[in-house]
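Since the structure comes first, as C-alpha cells, the remarks are kept for the end.
The values are calculated or read from the model by the stated rules, or taken from the named source; none is laboratory data. For clarity, every value in this text was computed on a predicted model and none was experimentally measured. Don't worry about glycine lacking a Cβ; one is built from the backbone with ideal geometry, like all the others, and counts go over all protein chains shown.
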Amino acid sequence: MMKGLVSFFFLLAGCHQAAGAVNTKTILLFPEATSTNYVSLKPTEKVLHQITVCLRSYTDLTREHSLFSLATPNKDNAFLIYFSPPNNISISINNEDIFIKVDPDVYYWKKTCVTWDSTNGLLQLWINNKRYPRRVTKTRSPIGPQMSVVLGQEQDSYGGGFDINQSFLGEMCDVNMWDSVLPETSVRVILTDQFSLTGNIYNWNDENFQVHGPILVLKDQYI
C-alpha cells in the first residue's frame, strides 16, 4: 500500500511539473521579412513512414507564409505546412499539395498539428483543438532519409531557394516532431496544454536548432 502511495505521489508531482513547464517557453522571433533569415533543425536521418509535427505560431501576416518546411534532395516539399490567410492552408507531402479551408485567421497564438501515415495516406490537421476533415494523399512513399528542415522559409531546393514573399514574420515555439502518428487523445493534450509532450525526432526543449540571420531567441517567455 505504501509503495502504491509513493508511486502515486511521484506521478502527481511529475504531472504538476509537466503542467508548469508549459508556462514559460523559448520563443523564436522573426522580426522582418527576408529571403535569408531562417532557423534550421537537424532532427533525424531515418526514413519516416509516419510523421506528426506540432508547433505554435503568432503573426499578423495577411499574405501566404511557410511555417515548417522539410525538403529532401529529390523533393523540395516533402513535408510542408503553408498558410494562406485568411482561411486557407496547404499541407504538402512528397510534393503533393493538399488544400484545406480553415477558420479565418485571428491574431493570437495558433496551435497547429499535422499527422500523416504512408501506409494509407491518411492526413490529419488540427488547429486550436479543432480537427478539420481528414484527407487521403495519393503518395505512399516514406519521407527521407536525408532531410533539410527549416522554420520560417519555404524551400524551393534542398536547404535553400527561399522567397521573401513566402517568409514568416512573427513568433514561433513548441516545434516538436515524431516518427509516428500520435493518437487524437495525445494531440488534444498538446493543443489544450494539459501537460507537455515532446517529440522523439525533434524535441523543442532540447533547443537543438541553428539560427541564420537576426532572429531573436527569447527564453523563459509567457504566452
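Out of segment 141-179, which residues are hydrophobic (A, V, I, L, M, F, W, C) and crowded, with 19+ Cβ neighbours inside 10 Å? If the condition is that a residue be hydrophobic (A, V, I, L, M, F, W, C) and crowded, with 19+ Cβ neighbours inside 10 Å, then I143, M147, V149, V150, L151, F162, F168, M172, V175, M177, W178 are the ones that fit.
Reported count of residues in segment 46-68, each being over 18 Å from F83 (Cβ atoms), assigned to a strand (DSSP E or B) and of a type outside the set (A, V, I, L, M), is 2. Pairing each residue of segment 28-40 that is more than 14 Å from V149 (Cα to Cα) and touching a residue at least 60 places away in the same chain (Cβ under 8 Å) with any residue that is of a type in the set (D, E) and surrounded by fewer than 16 Cβ atoms within 10 Å (Cβ to Cβ), provided the two are 6+ apart or on different chains, yields C-beta distances under 7 Å for S35/D163. A single member of S40, S35 is among the hydroxyl-bearing types (S, T, Y), at negative phi and part of a strand (DSSP E or B), and it is S40.
Pairing residues of segment 58-73 that are within 16 Å of T112 (Cβ to Cβ) and at pLDDT 95 or above with residues that are assigned to a strand (DSSP E or B) and among the aliphatic types (A, V, I, L, M), at Cβ distances under 6 Å and at least 6 apart in sequence or on separate chains, gives L67/I81; F68/V53; F68/I81; S69/L80; S69/V150; L70/A78; L70/V149. Evaluated against (1) modelled with pLDDT of 95 or more; (2) surrounded by 16 or more Cβ atoms within 10 Å (Cβ to Cβ); (3) closer than 19 Å to N23 by Cβ, F195 falls short on exactly one condition, (1). Among residues of segment 74-85 that are without any contact (Cβ under 8 Å) to a residue 24 or more places away in the chain and within 16 Å of W126 (Cα to Cα), those with a Cβ under 6 angstrom from a residue that is surrounded by fewer than 23 Cβ atoms within 10 Å (Cβ to Cβ) and of a type in the set (V, I, T), sequence gap 6+ or separate chain, pair up as F83/I89.
When the residues of segment 88-121 are narrowed to those that are without any contact (Cβ under 8 Å) to a residue 24 or more places away in the chain and either of a type in the set (A, V, I, L, M, F, W, C) or touching a His at 6+ places or on another chain (Cβ under 6 Å) (or both), which ends up surrounded by the fewest Cβ atoms within 10 Å (Cβ to Cβ)? Residue satisfying both the conditions and the ranking: V106. Could you tell me whether segment 82-104 includes any residue that is modelled with pLDDT of 95 or more, under 25 Å from L197 (Cα atoms), more than 14 Å from the chain's Cα centre (by Cα) and of a type in the set (S, T, Y)? Within segment 82-104, not a single residue is modelled with pLDDT of 95 or more, under 25 Å from L197 (Cα atoms), more than 14 Å from the chain's Cα centre (by Cα) and of a type in the set (S, T, Y).
Residue pairs whose Cβ atoms lie under 7 Å apart, separated by 6 or more positions or on different chains, with the first residue in segment 144-167 and farther than 21 Å from L55 by Cβ and the second part of a loop (DSSP other than H, G, I, E, B) and among the β-branched types (V, I, T), are P145/V47; I164/T34.
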